[in-house]
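Below is one structure, written out as structure tokens; comments come after it.
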Amino acid sequence: MSDMPSLDESPGDSFVSAAARRGPLALEAASLNKDFGLGRHHKLHAVRDVSFKLYRGAVIALVGESGSGKSTVAKLLAGQETPTSGSIVLDGEPVDLSSLRAFRRYKSKVQLVFQDPFASLNPAHTVHYHLKRPVVLQQGKSKGDVELEIDSLMTQVRLTPADQFLGKYPHELSGGQRQRVSFARALAARPSVLLADEPVSMLDVSIRLEMLSLLDDLCRRFQLALLYITHDIASARYLADEILVMYAGQIVERGPAEEVTQQPAHPYTQLLVASAPDPDNLGSALRKGASRTGKPPDLASTALEGCPFSARCEFAEDRCRLESPPLRQVSPARSAACWRLEVVASQVLAGEKGGKGGTTS
């Protein structure tokens, strides 16, 4: 493998996010860890040393199977869970949510949209109530301005004419309409960061693309820093600037969405891509060899040593089972946590070597 480029096992500040060109840095997660106690002697390691940055006007997709820790990351960033260790920085300032005032101020900047719009909306209240309350609390507008703002929010999420929806209750709306109300409620706080946890997985397939297009439009129009959490790597490719692949609480690969989905480097990402039902035949070149199967690991019993994917990986060797691989930089904007990238991602590395000296956009 002497003809392959060397891999930097400590990328640090040399890593360039594919989303950074979209706008200024809004929020940073630095070495986040979250453990949950399971009795006296056991812990569930839900999030392990997760770091990334969210930029205004850009979409970062966090992709992985159910149980990989994606939603826990969202709850940490939303202030609904406290990190075991690590830090969150918003607009250059470390986040401290120890007081109610600080929490409210933070929530005005960082909003979370849940997976199930029916469960996240109060069935006893109308659409108008759901929007009026955050407008009054977060914006402090007068009565007349409140109504104008509510109408504007309805227009922004394409629920028009507003009068046809404001008096309705959640059960009187379709799933897509309820999720649009959830988006409008989040926008009512005028946030800079939007966390969307599986926002289209509960919706009919026929309207998912429409909802993703709406999210993309809102992100670009209002310069939101958007974290899109999903198990569907095909939709991540459609929406995101950058993809972070998560497995067993860890980031195992990251890079530009198109590159990660067209030439995945980590064996787990290769498995996700090969399994993805995509209209553009995403992963067709990989399906023939996609023989890696098995259940996701039990995070309560998975040791912190070794690669958590080693039990499902056909390329695993002794080192993989004994030592946890760091994120190794493949290119300025790509990295993957695998000891055997020279074998698993030989085409990616060869492409990087062949591309050296050229220009990048």
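Nothing in this text is a laboratory measurement; each read-out follows from the coordinates by a stated rule. Because the structure is predicted, anything quoted here is derived from the model rather than measured. Here Cβ is always computed from backbone atoms with ideal geometry, including for glycine, and neighbour counts include all displayed protein chains.
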*Residues H42, H125, H231, sorted so that the one with the fewest Cβ neighbours within 10 Å comes first*: H42, H125, H231
_Over the chain: helical MRE at 222 nm, DSSP H runs n ≥ 4 each giving -39500 (n - 2.57), nearest 500_ = -9500 deg cm²/dmol
*In percent, what relative contact order does the chain have, based on Cα pairs under 8 Å that are 6 or more apart in sequence?*
23
_Other-chain or far-sequence residues with amide H under 5 Å of A19's (modelled H)_ = none
*Rank the residues H41, H130 as a footprinting-exposure proxy: fewest other Cβ atoms within 10 Å of their Cβ go first.*
H41, H130
_Sequence-separation-based contact order of region 13-152, relative, with Cα cut under 8 Å and 6+ spacing, percent_ = 20
*asked:* Looking only at the chain, where both bridge partners belong to it, what percent of the DSSP beta bridges are antiparallel (to the nearest 5)?
replied: 60
*Residues with beta-carbon under 15 Å from that of F118, excluding F118: net charge, scoring Lys, Arg +1 and Asp, Glu -1?*
-1
*Mind listing the Cα extents of region 34-126 along all three principal axes, in Å, largest one first?*
46, 36, 30
_Residues Y238, Y169 arranged by fewest to most Cβ contacts within 10 Å_ = Y169, Y238
*For region 153-192, taking Cα atoms only, what is the radius of gyration to one decimal and the Dmax to the nearest whole Å?*
9.9, 31
*Between S108, L153, L166, whose Cα lies farthest towards the positive end of the dipole of region 87-177 when Lys and Arg beta carbons carry +1 and Asp and Glu beta carbons carry -1, centred on the Cα centre?*
S108
*Note down the net charge around D163, summing +1 for each Lys or Arg and -1 for each Asp or Glu among other residues with Cβ under 12 Å from its Cβ.*
-1
*Scale the Cα Rg of the chain by the rule-of-thumb value 2.2 N^0.38 Å and send over the ratio, two decimals.*
1.03
*asked:* Please list, in order along region 118-126, the HN-Hα scalar couplings obtained from phi with the Karplus expression 6.51 cos²θ - 1.76 cosθ + 1.60 (θ = phi - 60°), rounded to whole Hz, x for Gly and Pro.
replied: 6, 6, 8, 10, 6, x, 8, 10, 7
